[in-house]
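The values are calculated or read from the model by the stated rules, or taken from the named source; none is laboratory data. Values in this document were obtained by computation on a predicted structure and should not be read as measured data. Neighbour counts run over all protein chains shown; Cβ positions are idealised from the backbone, glycine included. Protein only, heavy atoms only, side chains kept; ligands, DNA and RNA dropped before computing areas. Shrake-Rupley method; radii C 1.70, N 1.55, O 1.52, S 1.80 Å.
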Amino acid sequence: MATIKDIAEKAGVSLATVSRVLNYDESLSATEATKKRVFEAAEALAYKKGKRKNTVASSIAIVHWYTEKEELEDLYYMSIRLGVEQRCQSKAIKFVKYVYDDFIQLEPGNVDGIIAVGKFSYEQAASIVEFSPHVVFVDSSPDSEQFDAVVANFERAAEKVLRHFIEGGHQQIAYIGGRERYRLDSQEIDDPRERTFQSFMTKHGYYDGNLVFTGSFTVQAGQRLMEELIEAYRDKLPTAVFVANDTMAVGCLRALHEYGIQVPDEISLISVNDISISKYMYPALSTVKVYTEVMGETAVDLLMEQVNEDRKVSKRVDIATTLVLRKSSK
């Protein structure tokens, strides 16, 4: 496990700066560039590099649905992107990075293939394919009959958390999650974590819609939603909270700390993703590990099958997850 010192040395900043960046300290005056160096250093040190492999050199576009600023608010996507980039570098594949908004303004035909990272509707997928017939979507599957896709199994991830809570004796379980919309589109995206929470808890007779709190997938939203939960249930707090991602969990832990609520003695908390900062939180965050680096690697490999082997049949790869129990739950 990389230490704070390792991250500081790689990013070229002080130990204090690393600690404050990883904890999303809002009083820190560091620039976005500095924060980006710290987060990328943390992700890179957690990433296990493979051996260099020979392949036909190609030029691909990495099309991200997030801007760099938005990516800093949700490190899940940064980790996927770094997985893609590391795989490209190990295979001597040239790549150029774009945000979707900018990419669709370009002239088609300048790249051999495209890896699209994030949530894309079918209409957006169709527009991306106009630039190259070789496309892989990561973290969304607009149409598995037409397009290659690499996705994490968030339904199973949610089930693992809820099963662990219920087997541990928890019955009053809250959910804190986010809602997203496709970029440049008003259509709301179905979230498998929230959907699974409702179906799983209903099946076991514990579902309470009043214990579902949703906002955006940010630290600030996590803190605000946890504060709303605490104020609403101050006299009888739920004993466990399932948080949709680690970034929101940072805010949740901050709110619980400010209210003097002990984790996990009073509330157990488990989230999803296991991004690099999870182990540095206090208490260390229990979470479901999503193998984001494997998602990125697999996307590059699928794309090279299309480009070099002329594969025509689409593939969808579901990446498994692992429940990682640390100090924030019992």
Task: Residue that is of a type in the set (Lys, Arg), within 30 Å of Ile230 (Cβ to Cβ) and touching a residue at least 24 places away in the same chain (Cβ under 8 Å), where the choices are Arg87, Arg179 - done: Arg179
Open item on the list: Name the residue that is farthest from Val250 (Cα to Cα), counting only residues in the range 319-329 that are open to solvent by 40 Å² or more (accessible area, probe 1.4 Å) and either in contact with a strand residue (DSSP E or B) (Cβ under 6 Å, 6 or more places away or on another chain) or among the small types (Gly, Ala, Ser) (or both).
Closed with: Ala320
Task: Hey, Lys315 within 23 Å of the chain's Cα centre (by Cα) and under 26 Å from Glu71 (Cβ atoms) or not - done: no
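Quick one: in the range 169-193, of everything that is among the basic types (Lys, Arg) and not in a helix (DSSP H, G or I), which residue is least open to solvent (accessible area, probe 1.4 Å)?
Just the residues of the range 169-193 that are among the basic types (Lys, Arg), to begin with: 179, 181, 183, 193.
Checking the rest, the ones that are also not in a helix (DSSP H, G or I) come to 179, 181, 183.
Working: Arg179: 96, Arg181: 129, Arg183: 44 Å².
By that ranking, first place goes to Arg183.
Do we find a residue being farther than 22 Å from Val317 by Cβ and under 20 Å from the mean Cα position of the chain (by Cα) anywhere in the range 88-98? Don't jump to the end; show me each part of the working.
If we filter the range 88-98 for residues that are farther than 22 Å from Val317 by Cβ, which is where we start, we get 92, 94, 96-98.
Those left that are additionally under 20 Å from the mean Cα position of the chain (by Cα): 97-98.
Looking for residues that are farther than 22 Å from Val317 by Cβ and under 20 Å from the mean Cα position of the chain (by Cα), one finds at least one in the range 88-98, hence yes.
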Open item on the list: Of the conditions (1) touching a Ser or Thr at 6+ places or on another chain (Cβ under 8 Å); (2) under 30 Å from Val111 (Cα atoms), Ala299 satisfies every one except a single condition; which number is it?
Closed with: (1)
- [ ] Look at the range 104-123 and say how many of its residues are touching a strand residue (DSSP E or B) at 6+ places or on another chain (Cβ under 8 Å) and modelled with pLDDT of 90 or more.
- [x] 7
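Quick check on my filter: what residues within the range 98-153 are of a type in the set (Ser, Thr, Tyr) and over 27 Å from Arg193 (Cβ atoms)?
Let us first name the residues in the range 98-153 that are of a type in the set (Ser, Thr, Tyr), namely 98, 100, 121-122, 127, 132, 140-141, 144.
Matches in the range 98-153: Tyr98, Ser127, Ser132.
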Task: The one condition in (1) under 22 Å from Gln187 (Cβ atoms); (2) in contact with a strand residue (DSSP E or B) (Cβ under 9 Å, 6 or more places away or on another chain); (3) surrounded by fewer than 22 Cβ atoms within 10 Å (Cβ to Cβ); (4) in contact (Cβ under 8 Å) with a residue 24 or more places away in the chain that Asp101 fails to fulfil - done: (2)
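If you take the residues of the range 12-40 that are more than 22 Å from the chain's Cα centre (by Cα) and small (Gly, Ala, Ser), which of them is surrounded by the most Cβ atoms within 10 Å (Cβ to Cβ)? Even if it seems obvious, please write down each step before you answer.
Let us first name the residues in the range 12-40 that are more than 22 Å from the chain's Cα centre (by Cα), namely 12-17, 27-31.
If we keep only those that are small (Gly, Ala, Ser) too, we end up with 12, 14, 16, 27, 29-30.
Working: Gly12: 11, Ser14: 10, Ala16: 12, Ser27: 5, Ser29: 7, Ala30: 15.
Once the filter is applied, the top-ranked residue is Ala30.
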Task: Matching residues in the range 221-277 - criterion: being over 18 Å from the mean Cα position of the chain (by Cα) and among the small types (Gly, Ala, Ser) - done: Ala232, Ala240, Ala255, Gly260, Ser268
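May I ask you to say which residue of Val300, Val290, Val294 is of a type in the set (A, V, I, L, M) and touching an Asp or Glu at 6+ places or on another chain (Cβ under 7 Å)?
Val290
Working carefully through the options Val129, Val111, Val161, find the one that is open to solvent by less than 10 Å² (accessible area, probe 1.4 Å) and of a type in the set (A, V, I, L, M, F, W, C).
Values: Val129 fails: open to solvent by less than 10 Å² (accessible area, probe 1.4 Å); Val111 fails: open to solvent by less than 10 Å² (accessible area, probe 1.4 Å).
After ruling out the rest, the residue left standing is Val161.
Name the single residue that is nearest to Thr67 (Cα to Cα) among those in the range 182-200 being among the hydrophobic types (A, V, I, L, M, F, W, C) and touching a residue at least 60 places away in the same chain (Cβ under 8 Å). Break it down stepwise before answering.
Restricting attention to the range 182-200, the residues satisfying the condition of being among the hydrophobic types (A, V, I, L, M, F, W, C) are 184, 189, 197, 200.
Retained after the next criterion (residues that are touching a residue at least 60 places away in the same chain (Cβ under 8 Å)): 184, 189.
Numbers: Leu184: 13, Ile189: 19 Å.
The selected residue is Leu184.
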- [ ] Any residue in the range 63-77 that's open to solvent by 20 Å² or more (accessible area, probe 1.4 Å): show its pairings with residues that are modelled with pLDDT of 80 or more and assigned to a helix (DSSP H, G or I) at Cβ separation under 6 Å, as long as the two are six or more apart or on different chains.
- [x] Tyr66/Tyr77
Task: Flag for Thr196 being outside any strand (DSSP E or B), touching an Asp or Glu at 6+ places or on another chain (Cβ under 8 Å) and either open to solvent by 40 Å² or more (accessible area, probe 1.4 Å) or among the hydroxyl-bearing types (Ser, Thr, Tyr) (or both) - done: yes
